[in-house]
1. Among 174, 129, which is the only one that is modelled with pLDDT of 95 or more, part of a loop (DSSP other than H, G, I, E, B) and not aliphatic (A, V, I, L, M)?
2. From the list 54, 65, 47, pick out the single residue that is among the aliphatic types (A, V, I, L, M) and touching a Pro at 6+ places or on another chain (Cβ under 7 Å).
3. For segment 129-148, which positions are charged (D, E, K, R) and within 15 Å of residue 21 (Cβ to Cβ)?
4. Kindly indicate the residue of segment 4-17 that is farther than 14 Å from residue 181 by Cα and within 18 Å of the chain's Cα centre (by Cα) and also modelled with the lowest pLDDT among those meeting that condition.
5. So for segment 50-66 (the condition being free of Cβ contacts under 8 Å to residues at least 24 places away in the same chain and at positive phi), does at least one residue qualify?
6. Residues 34, 47: which one is in contact (Cβ under 8 Å) with a residue 12 or more places away in the chain, part of a helix (DSSP H, G or I) and on the phi < 0 side of the Ramachandran plot?
7. Within 21 Å of residue 7 (Cα to Cα), among the polar types (S, T, N, Q) and assigned to a strand (DSSP E or B): is that true of residue 123 in this structure?
8. Under 8 Å between Cβ atoms, at least 6 apart or on separate chains: pull out the pairs that start in segment 75-102 with a residue that is within 21 Å of residue 61 (Cβ to Cβ) and end on any residue that is loosely packed, with under 14 Cβ neighbours inside 10 Å and modelled with pLDDT of 95 or more.
Amino acid sequence: MDQHIEIEFKNLLSQEEFNKLTNYFNVKESDFVLQENHYFDTSDFALKNQKSALRIRVKQGKHELTLKQPARDGLLESNQQLTPMQAEAFLKGEGFPEGEIQQLLISVNVEPQQIEFFGTLKTSRFEFPYKNGLLVLDHSHYLGTEDFEMEYEALSRPEGQEIFSTLLETLQIPERMTENKVKRFYLQKMKKMSE
């Protein structure tokens, strides 16, 4: 199992601001890679209530099960590779994949058998190294909506914040409080459920 602390900064963008960034970095449409995030939780949102998230990411033929949990500085991201058959079975509700993620859930009193599929978020993503970190441009579609986002993954919070804020300032893009994708997905899911 691969585990690491994720320190990242996010900013929702208008389509015009997104285009400004792609032009600034000379990014072409063909540079973007499609990925799918399939989100899971219990019916009473046990993971969400622990400020955690569980997903399968499908990208370039690979299937990765990821559990994100709060950490002192950022998020602890735990990743487990799945075969396409394991991922498909889990998506169909045919049992939780065995392994380290299953054990992590049990250790925080979440029953893997109670986990269910909530939906899919599809993202066209371009990522590239930028000033000691990783800059990510995302165009996402989920539950009848779409959004545009810039993310910056850094090695340290102070340096990352400075680089992130300077880039936004340079391009005259306002810095916005931005929830992560899973939170935006859940907000949209709850809105749909209440309609």
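1. On the way: 129 fails: part of a loop (DSSP other than H, G, I, E, B).
Going through 174, 129 in turn, just one is modelled with pLDDT of 95 or more, part of a loop (DSSP other than H, G, I, E, B) and not aliphatic (A, V, I, L, M): 174.
2. Selected residue: 65, the only one of 54, 65, 47 that is among the aliphatic types (A, V, I, L, M) and touching a Pro at 6+ places or on another chain (Cβ under 7 Å).
3. Looking only at segment 129-148, we keep the residues that are charged (D, E, K, R), and these are 131, 138, 146-147.
131, 138, 147, listed by residue number.
4. Among them, the one singled out is 4.
5. Within segment 50-66 (the criterion being free of Cβ contacts under 8 Å to residues at least 24 places away in the same chain and at positive phi), the answer is yes, since at least one residue qualifies.
6. That would be 47, the only listed residue that is in contact (Cβ under 8 Å) with a residue 12 or more places away in the chain, part of a helix (DSSP H, G or I) and on the phi < 0 side of the Ramachandran plot.
7. On the way: within 21 Å of residue 7 (Cα to Cα): yes; among the polar types (S, T, N, Q): yes; assigned to a strand (DSSP E or B): yes.
Answer is yes for this residue.
8. These pairs meet every condition: 81/62.
The values are calculated or read from the model by the stated rules, or taken from the named source; none is laboratory data. It should be emphasised that the depicted structure is a prediction, and the values quoted were computed from it without experimental measurement. FYI the Cβ positions are ideal-geometry reconstructions off the backbone, even for glycines, and counts take in every protein chain you see.
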